[in-house]
């Protein structure tokens with residue numbers, strides 16, 4: 001299962017979640033940020049890759065829905 005963790009700047013929260021969940025067998029994990037100046041920004045490719053998307057705050061979900069909703 002592919003799991004994507006998302007926060008604002010991909011600086012603390014989502015990379016920490018990525019590291020914690022990386023040790024679980026059967027999970028492939030990545031992290032990204034919604035901000036344009038994030039260390040790794042969210043992309044259509046990452047969203048399509050993910051089976052599960054975990055956001056750290058409601059504002060992250062809102063931004064994803066506004067920018068990537070089809």
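Would you point out the residue of segment 32-60, among those that are part of a strand (DSSP E or B) and touching a residue at least 40 places away in the same chain (Cβ under 8 Å), that is nearest to residue 8 (Cα to Cα)?
Going through segment 32-60, the residues part of a strand (DSSP E or B) turn out to be 32-33, 41, 52-55.
If we keep only those that are touching a residue at least 40 places away in the same chain (Cβ under 8 Å) as well, we get 52-55.
Details: 52: 18, 53: 14, 54: 12, 55: 9 Å.
Out of the qualifying residues, it is 55.
State which residue is modelled with the lowest pLDDT when the search covers only segment 12-38 and only residues that are closer than 22 Å to residue 66 by Cβ and surrounded by fewer than 14 Cβ atoms within 10 Å (Cβ to Cβ). Let's see the steps before the verdict.
If we filter segment 12-38 for residues that are closer than 22 Å to residue 66 by Cβ, which is where we start, we get 13-14, 30-38.
Subset that is surrounded by fewer than 14 Cβ atoms within 10 Å (Cβ to Cβ): 36-37.
On the way: 36: 92, 37: 95.
Only one residue tops the list, namely 36.
The values are calculated or read from the model by the stated rules, or taken from the named source; none is laboratory data. Just so you know, these numbers come straight off a predicted model, no measurement behind them. Positions of Cβ are generated from backbone atoms using ideal geometry, with glycine treated the same way; all protein chains shown enter the neighbour counts.
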